[in-house]
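Down below is the structure, laid out as structure tokens.
The values are calculated or read from the model by the stated rules, or taken from the named source; none is laboratory data. What you are looking at is a predicted structure, and each value in this text was computed from that prediction instead of being measured. Using ideal geometry, Cβ is built from the backbone for each residue, glycine included, and neighbour counts are taken over all protein chains shown.
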Amino acid sequence: MTKGLIGRKLGMSHIYADNGNMIPVTVLEVGPCFVSQVKTVEKDGYVSVQLSYGKVKETQITKPEKSHLAKNNLEPMRYLKEFQVDGDVPEAGLEIKIADIFKNDDVVKITGISKGKGNQGVVKRHGFAGGPGAHGSRFHRHPGSMGANSTPSRVFKGMKLPGRMGGAKSTIKNLKVVKIFEDKNILLVSGSIPGPEKSIVTIEKL
């Protein structure tokens, strides 16, 4: 079976453990996913499974995507992701639900696109301390000195500077599956994950 599934972040909440401790959780809608392609060593050089998620109208996907899914008699799906296989390789066209992969107390990693924060300065982007806050300072949230003298007369690559922040692929590991609602395809994991509400994420077992 696959090691993960595709899902959607619904938001955050909290539940209480048996000992009364409050556990902050992220609520995920996971699956159902459908096997849209099986990759083999003979044909592709490695073994993996491609899953599809998110039913849409035919007009919302391209003709190549539509024909790719139609090979296994699948409806139009918006999202396609590839996962490693753990154990038996599932057949193409198979529906995979949340209970087929995960159970309570599993340790997982979740990958998503972090929230975009636009162009930011070095204080917010890299945690620089900044300069004095008094009126005469003229150095508050500036980057400060960053280049060398006449040799080599340039700023070295990798220097921490202002720029675009967020909106990048991000992975959080060692999250714990707290609770599963099989009938609603809902998964609760401890802690927070990347991305805004309704964003697409992948959940994989470790």
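Determine whether the stretch 184-206 contains at least one residue that is surrounded by fewer than 13 Cβ atoms within 10 Å (Cβ to Cβ), more than 21 Å from residue 54 (Cβ to Cβ) and at pLDDT below 95. Within the stretch 184-206, one or more residues are surrounded by fewer than 13 Cβ atoms within 10 Å (Cβ to Cβ), more than 21 Å from residue 54 (Cβ to Cβ) and at pLDDT below 95. When residue 62 is tested against (1) surrounded by 15 or more Cβ atoms within 10 Å (Cβ to Cβ); (2) free of Cβ contacts under 8 Å to residues at least 24 places away in the same chain, only condition (1) is not met. Within the set 70, 129, 92, the sole residue that is within 19 Å of residue 5 (Cα to Cα) and more than 24 Å from the chain's Cα centre (by Cα) turns out to be 92. Scanning the stretch 41-52 for residues that are in contact (Cβ under 8 Å) with a residue 40 or more places away in the chain and more than 17 Å from the chain's Cα centre (by Cα) yields 47, 49.
One residue stands out among those in the stretch 166-182 that are in contact with a Ser or Thr (Cβ under 8 Å, 6 or more places away or on another chain) and of a type in the set (Lys, Arg): the one that is farthest from residue 108 (Cα to Cα), which is 169. Between 103, 117, 109, 97, the distinction of being out of contact with any helix residue (DSSP H, G or I) (no Cβ under 6 Å at 6 or more places or on another chain), closer than 30 Å to residue 6 by Cα and surrounded by fewer than 12 Cβ atoms within 10 Å (Cβ to Cβ) belongs to 103 only.
The requirement of being out of contact with any Asp or Glu (no Cβ under 8 Å at 6 or more places or on another chain) and closer than 22 Å to residue 177 by Cβ is fulfilled somewhere in the stretch 63-80, by at least one residue. Pairing each residue of the stretch 144-171 that is surrounded by 10 or more Cβ atoms within 10 Å (Cβ to Cβ) with any residue that is of a type in the set (D, E, K, R) and not in a loop (DSSP other than H, G, I, E, B), provided the two are 6+ apart or on different chains, yields C-beta distances under 8 Å for 160/125; 162/125; 163/125; 165/124; 165/125; 171/109.
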